[in-house]
Structure formats: structure tokens, C-alpha cells
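Colleague: The structure under discussion is supplied below as C-alpha cells; questions concerning it will follow.
Derivation of every value follows stated rules applied to the coordinates shown; laboratory data play no part. Note that the structure is a prediction, hence the values are computed from the model and not measured. Neighbour counts are summed over all protein chains in view; Cβ atoms, including those assigned to glycine, are modelled from backbone coordinates with ideal geometry.
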Amino acid sequence: MLPIPNLSPLSRRLCIAGVLAASLPAFAQTTPASGDNRAQATQEITVTAQKVAQPASKTPVSLSAVSGDELKAAGVNNAIDLAEAIPAVWISQDTGKAQIAIRGVTNTDMTEKGDGSAAFHIDGAYVGRPEAQLGGFYDLERVEVLRGPQGTLYGRNATAGAINVITNKPSKRFESKIALDFGNYSLRRNEAMINVPLGTSLALRAAVTTASRDTYLNAGPNTQTRLDSQSDYGGRLHLLANLTKDTGLLLSAEMQHTGGGGSSPVPITNFFTGTPAGKLPFSPAGRGNNVLNPVYIDRGSEAQRTTAWEFATVWRPGAALAGQPVVSDKDRDISSFRTEFKTTLGQGIDLTYQFANMAIDGTEVANGNFFGFPFLSRTLGDSESNSHELRLNGDAGGMRWVAGAYAFDEKINRNTNFYTYVTLPNGAPLTVNLPFLPHVENESKAVFGQVTWSLMPTTRLTLGLRRTEDRKTGEDPLGGVAPPAGSSVSTGAYTKDVRFNNTSYRVGVDHDLAKDVMAFGTLSTGYKAGGFNDKANAGNYNPETLRSIELGIKGRFLSNRLQLAANVFDYDYQDLQLATVGCPDGTPASCGSVTINAAKAHIRGAEFEGWLNVGSSGRLNFGVALTDAKFKDYKVVDRPATNPNLVVDWSGQRLDKAPPITANLSYSQGFALPGGSDIVFTVGTRHTGKYFISTADENGIRYEQPASHKSDVSVTFNDAGGKWSLQGYVKNIEDTITIGSRVPGAFSVSDPRTFGVRATYTF
């Protein structure tokens, strides 16, 4: 963004509310920054979406770039909150794990053998496990959301796009800040940061956060169980060393603890009624997993958020029920260490080496409604990953290029037990235990390159290529089947070893239509590796691929008071990886999940977004995303052995988590107060069209979430010196509850109405 002359202090504060320059639509709680941030109000966000630093408006990629100040002003505290403000992006949590969909491209396998469809990165380091993607957003420089396949520069598992979380790095200026947030549901969120220069060549930056709240859920028949609540804390430490004028080393250490009540999804029957399909004979009437012709019912948020069928007792395998309460609990620790070394080699060439290690260790006990039965799950596990990326960047003679090599390895161990207790038709009790003890290893290696030529002063051509080789191995002596007496190996035991490879490409042209207006077009591909299923008699599944054609335009108009970004896209989506779930013989012991390849899908759409400065102290943000995502050809025989005539046919139907329209609109207005302080009022709303949540289980039942809208409002006071601010806010004024990710027989749900007060102070 070009500098805007003669701005008043109030106007400068309001400009920060529109720093969503390139792409962000309406943040319902966007408020201007104060103090030292006022000088940044007219600057454009610089992104590294193409592995080089570029202004967001000059990057020929469909992206949303949001500054850290904007994230906090909008009440965005994690990835799920982020999705409320980014077009064509859907993020929910599935039993404590992030599930991300971008433009209808998503992942439904949340087990240790599954991979996401959107590549998630923190400071350039790939985060493979979805449970590590829900950490708190604190002390951030920005977040970049890249829509569309990013296979060339980001590799496998980027068919949907990429999310890059960029933290604040040490600077040469001493600074410190604290922030306190108090709200309903006993919310307590605290953050603190300090940046300390250590001489002329060293700087240290430390940040910590804590967050706690009571559950959003209402207890069902059993009130002894602790439901899904929050008790988290974390910290991050950066040490930056400027070794020479052209060489720097950044060392980063981070930890995150997630605690509170375990996951407790709400039953499907809180949202839908219908006729029991009769596939689960031990389920009481109306509580079955499969419901024919499901009909959405609006019972109000209180009823929709009520859990059911919670366990009041727990037992040990092979023993009678013990009369002690279940402790529904999660206790997860995530630690990471990252290194980034940068140096200039000369001749316009820079070298970057990045190393990242992440370790996850945790336990979760959760209960709820799974497969239509009351289930208790207990998972212990750990994982560790290491990644290396060596990259060369050059920019000379009208040519900008990047070339590199990448290696990733991951080891995952799990010890999971699913328990249920049901009553047989004759009144006898039945206890079922489904044990899993998997060990999974993932390896990925790649070489990549991308070059951009200036064909003319106003026209550039980009060519990119990436070669990826993947290997996945796994073994489980149990595989979901309890071993017979005297044996440690069950009939479900498996050993798998699969390999895949892929070459992704990108061809793009961008052209300057005017000084501040750019048009671009790209042809690109994405790839997600195949894998194996965790049962002895279940086969493997193939990689999924995506070919994308996209045209877009970005520009600033009306003397920089208006910024617009628009694009259209068309996807050819092959071999979609979908999780299919069912109970083949109608018993809890037969319930299971496998991943299969759907045949084809076609996705097309358009996105339009931007902002407008209104007068000297107003800001209008807007955004619309239209998505048409449908299966072209998808038929599967659900039970080939027992019922070959049972065919799930979704050909021509919409993909899950792909609303046909999302729209954002917000407005901020500031008012100057005597003495130089000011107050800012912000109101906004988001409309989400209907979407589906389904699993390719028996009968292929699809649950439709009707269209909904949610509105936010905030009032912020900024003191004259820019030292402190005080904000009151209400999110989801309508108290609208929508369904999220599905586990068999139950849903995760969105947050209810929340409100609170946020205070910040800069020392």
C-alpha cells in the first residue's frame, strides 16, 4: 500500500483495520491499532507465499494475509477462529484435531495413518499432525492462507492449499506487552511478550500464553463427567544472531500444553430426526447411527449443545464394571525446536537452511456417541517428526528463481481402546473392546524449483516443478480386534509398506494492467500421498491429485482508498480420499473405518473481496466466495461380501464442507475524543450457505446444515499515548450453533455466543 499523506492519528489507527489488503474480507471485530502500530497503518503486508518476500498485492496467488494485530483485534485466537473470516475456508475440530477444507478440498481420515489436504506450517516448518494445528495464536506477525494447490513449493498434502503461521521475530528495540481477556464460560486468557536486544548482533524474544474456560457443552444424563473444556498454556523463545552483515541464525524453541476435559461430541439426534435404519439393533429407538431421510430440527442452541450417553462408570478389560466415575480428560504436550540459517553467497544468490523437530506426547480419555452406541475412547501416544529444507534464491537479470531439496520423516505410536457397554435384546450386558496398537512411519523426499522471467517490463512468466517420493510403513498386532486368550496377536494384525511418487507443476503468467493493478493466470497441480488401512483385510488407497486453472485480478483504486481482489477457478479432482464407516453385521464389534478413493470431482468457483476507506475514519470490509463442488462419478459397494446390492452413489452430489456461498461484511467507525484518545465501533456479519456433513457409510446418509449467519460487535477505547486499549466484544450474537466434523453417530459443534473484555498494555 502506498503511503497516504496527511493522516490524523485517528485515521492512522483506523487504517490498520484495513491491512487485510490483498484478500481478507470482513473481520467482524476488526479494530484499529494504537501506539507504535499507527506508523504501520499505511504499509502493505509482505508475504512469503512463493518462498520470497513480496507485497501481498503483487503476489500472483489467491491468498489472504492477516497481520497479528488484526488477528487479535478480530478475536482470532486459533485456526478455527481464522476460518470465520477467510473466504472458501472451513475449519473445525474433530476429537481435538484440526480438520481443514479449502474450496471443498478436505481430509476425512483423522487417524495416525491419515494426512491433511492443506499444508500447515509454523515459521516454514511443516506440521503434519492435526492435533498440533489447534494451538493458540499469540505474538504473531501474520497468517497467510493460500487457496488452491501449492504442490510446487509446498509439496505433498497441499492439494487444498497452505496455511502459514508466521511468528514475531526478535528486533533491535526493547519492547514488552501484556494482554488480558475475561469472558463468559469463565474465560481467562493471558498473554505476555518481551523483546530484548543483546548487544549489536543478538536479540531475544519470549512470549507466553495461558487460556482456560469452562465447557460450551451441556451435560446429558451423567453429570459426573468433565466435558470438553480448556486449560492450556504455552511459550515460545526466539534467539536471533546476526553473525555477519549478510549471515543470520535464528534459533526457536516452543512448547504447548493442551488440557481440560476430553472430547465429547454431541449426538446426531440433537440436530436431525428420522426413521432408524435398523443397522444397529442394540441402539434404543431414535438413537441409531444411520437415519433414513434425516430432517434438520432447530431445537435451540441449548438443546443442540447437550451431550448424551455419557459413561458414568469405567471398567478394565475382562473385569466387571467398576463403580467409579469416568475421568474425561486430555493431557497433551507439544514441543518443537526450529533452526533457520540464512546467508548471501554473492551474485544475487541467497542460501537458506531450515530444520524443524516436533514431538507430541499425550493422553486423552473421551466419551460420547460413536457408531450410535455410547463409547468411551482412551488414547495414549507419541509422535516425532524432523524436516530439512535447503533452498537457494536468486534475483538478477530479469529472472527470479528458487531451487531446493526437502526431506521429512515422522514416527507415530498409538495405544487406543474403544469401549462400549450395551444391553442385548435378552437383557444381558455386552462389553466390547476395540484395541489398536499401531506404529506408523512416514518418509518424504523432494527436489523442487521455480523460476519467474520478466518477458516484458509489465509481464512475467512463472514455471515450477517438484518431484516427490513418499514411503509409508505401519504395523499393528491388534488392528481393532481383541487377541484370543493367551495370545498377543489378533486376527486384525497387519504389516504394511507402501510407496508413491509424483511430479507437480505450475505454469503462471501475471501482467501489470496499471501501476497498482495486476492480472494473473495459473495452471497448477496438487498431490496427496496414498496410504494403507489399519485392518488386516482392508487394502491400500491411491494418491489423490488435483489440477487447477485460475484467473485473478488485484488492484487499488480511488487514490488507494479502495482495494479489490477477484478470481475464478476450475478444479479437476481425481481419486479423492474419503473415510467410509460402517458396522457390517450390525454389531458394535464390527464397526470400523477405512479410507477409499472416490472416482472424480469437479470444483469451480469465484471469489471477490476487498476494503474501502470511508471518509477519514471509517472502513468497510467485504468478501464473497461462490463454490460449486460436486462429485462427477462416485459409486461404491458398501458391503461386497454380505450385501453386494448395497451401493452408495453420490454422483452429481455436492462435496462435504463446501457451502455454495460465504459472504462477509463489516464496518468500523472511529470517533476522536478530547485529549487525543479515540473510540472505535465495529460491527460485522458472516453468511454461510448450506453444506453437508457425511460419511460414506451404509445407506450413504448425508446431513445438511442449513444456511446460517453470525454477527459480531465490538467497542474499543485507545488512549492518546498508544500505551493501552480496552475492548468489549460479543461474538455470534445470534447464538447460532452449526455442525462441524463428524464422528460416527455424533458431531462436533461450533461455539455459542461469547462475550468479554480484552485489555492490552504496552510498556
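Colleague: Given the C-alpha centroids of segment 675-730 and segment 112-169, what is the distance between them in whole angstrom?
Modeller: Centre-to-centre distance over Cα atoms comes out at 22 Å.
Colleague: Using the charge dipole of segment 423-509 (Lys, Arg: +1 at Cβ; Asp, Glu: -1 at Cβ; taken about the Cα centre), state which of Asn433, Val489, Leu465 has its Cα farthest towards the positive end.
Modeller: Farthest along the dipole direction, towards plus: Leu465.
Colleague: Considering only Cα-Cα distances, which of the following residue pairs are longer than 26 Å: Lys97/Lys710; Lys535/Lys690; Lys58/Lys169; Lys472/Lys535; Lys51/Lys445? Spell out each step's value before the answer.
Modeller: Numbers: Lys97/Lys710 24 Å; Lys535/Lys690 35 Å; Lys58/Lys169 24 Å; Lys472/Lys535 15 Å; Lys51/Lys445 18 Å.
Flagged as over cut-off: Lys535/Lys690.
Colleague: So between Met456 and Asp395, what do we pick up on full extension, going 0.36 nm a residue minus the alpha carbon distance? Let's see the in-between values first.
Modeller: Values: separation 61, 0.36 × 61 = 21.96 nm, distance 1.58 nm.
Stretched fully, the Met456-Asp395 segment lengthens by 20.4 nm.
Colleague: Test of understanding: what is the full-extension gain from Asp516 to Asp333, defined as 0.36 nm times their sequence separation minus their Cα-Cα distance?
Modeller: Length gained, Asp516 through Asp333: 61.2 nm.
Colleague: At 7 Å along the Cα-to-beta-carbon direction for both Ala241 and Ala720, put a label point, then send me their distance in nm to one decimal.
Modeller: 4.7
Colleague: Can you find, among Asn164, Gly136, Pro149, the residue sitting farthest towards the positive end of the charge dipole of segment 122-170, where Lys and Arg contribute +1 and Asp and Glu -1 at Cβ?
Modeller: Farthest along the dipole direction, towards plus: Pro149.
Colleague: Zone of Arg702 (label point 7 Å along Cα→Cβ, backbone N under 19 Å): which residues in segment 594-625?
Modeller: 596-605
Colleague: Could you work out the local net charge near Thr452, counting Lys and Arg as +1, Asp and Glu as -1, over the other residues with Cβ closer than 15 Å to its Cβ?
Modeller: Values: positive: Lys51, Lys58, Arg400, Arg460, Arg506; negative: Asp395, Asp510, Asp512.
My count for the surroundings of Thr452 gives +2.
Colleague: A follow-up question, please. Would you calculate the separation in nanometres between label points at Leu463 and His709, each defined as 7 Å from the Cα along the Cα-to-beta-carbon direction?
Modeller: Between Leu463 and His709, the label points sit 5.0 nm apart.
Colleague: With each label point set 7 Å from Cα along the Cα-Cβ vector, what nm distance links Ile178 and Lys632?
Modeller: 5.9
Colleague: Around Gly474, with a cut-off of 10 angstrom between Cβ atoms, what is the net charge of the other residues, counting Lys and Arg +1 and Asp and Glu -1? Spell out each step's value before the answer.
Modeller: Numbers: positive: Lys113, Lys472, Lys496; negative: Glu112, Glu441, Glu475, Asp476, Asp497, Asp534.
Residues close to Gly474 contribute a combined charge of -3.
Colleague: Would you mind calculating the gained length between Arg753 and Thr46 on full extension (0.36 nm times residue separation, minus the Cα-Cα distance), in nm to one decimal?
Modeller: Working: separation 707, 0.36 × 707 = 254.52 nm, distance 3.41 nm.
Additional length available on full extension: 251.1 nm.
Colleague: Using each residue's phi in segment 456-470, evaluate 6.51 cos²θ - 1.76 cosθ + 1.60 at θ = phi - 60° and report the 3J(HN,Hα) Karplus result to the nearest Hz, with x for Gly and Pro.
Modeller: Residue by residue, segment 456-470 yields 9, x, 10, 10, 9, 10, 10, 10, x, 8, 9, 10, 10, 10, 10 Hz.
Colleague: Cβ under 13 Å from Arg236's Cβ, Arg236 left aside: what net charge do those residues give with Lys, Arg +1 and Asp, Glu -1?
Modeller: Numbers: positive: Lys169, Arg205, Arg338; negative: Asp123, Asp139, Glu141, Glu191, Glu254.
So the surrounding residues net to -2.
Colleague: How large are Rg and Dmax for segment 718-763 when only the alpha carbon atoms are used, in Å?
Modeller: Calculated on Cα positions, Rg and Dmax stand at 17.4, 55 Å.
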